[in-house]
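Working notes for the structure below.
Computed from the coordinates by the stated procedures, all read-outs in this text should not be read as laboratory data. What you see is a predicted model, and the numbers here were worked out from it, not measured in a lab. Glycine gets a Cβ as well: all are built from the backbone with ideal geometry, and neighbour counts include every protein chain shown.
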Amino acid sequence: MDESKPQEPQSQEPIDAEIVEDSTAVQAAPPVVPQFDYTDSGVPTFDYVRDRIENKVATSIGSNELAQESPQGKSIDEQMAERDRAGRDKLEEIRRQMRGE
């Protein structure tokens with residue numbers, strides 16, 4: 001390479017081109033849907049929907065049970081109980097004031 005030679009300016013004319021898809025590229029396969037979960041028209045069956053709902057409910061119940069058994073969960077329960085007690089005490093104080101006691 002001869003660095004002392006100046007580069008020739010490139011032409012600024014637009015290039016007429018189009019995007020051509022590579023036919024050798026791997027095409028993504030469509031998602032495989034189990035046949036027994038959906039009808040032929042693609043609607044989920046009642047059994048499938050029921051199973052999904054039951055799984056979500058069971059997961060939610062399990063998460064709540066685990067959260068309540070943890071030290072943080074117990075601490076939050078204690079804080080909520082204290083807040084409820086304070087709220088009931090304040091409400092009772094307001095009621096006494098309204099009755100003129």
Per-pair calculated FRET efficiency, R0 = 35 Å: Arg95 and Ser63 via Cβ, rounded to 0.05 = 0.35
Would you tally the net charge around Gln68, using a Cβ to Cβ cut-off of less than 12 Å, leaving Gln68 out, and scoring K and R as +1, D and E as -1?
-> -3
Once amide H atoms are built 1.01 Å from N in the peptide plane, which residues 5 or more positions from Tyr38, or in another chain, come under 5 Å H to H?
-> Thr45
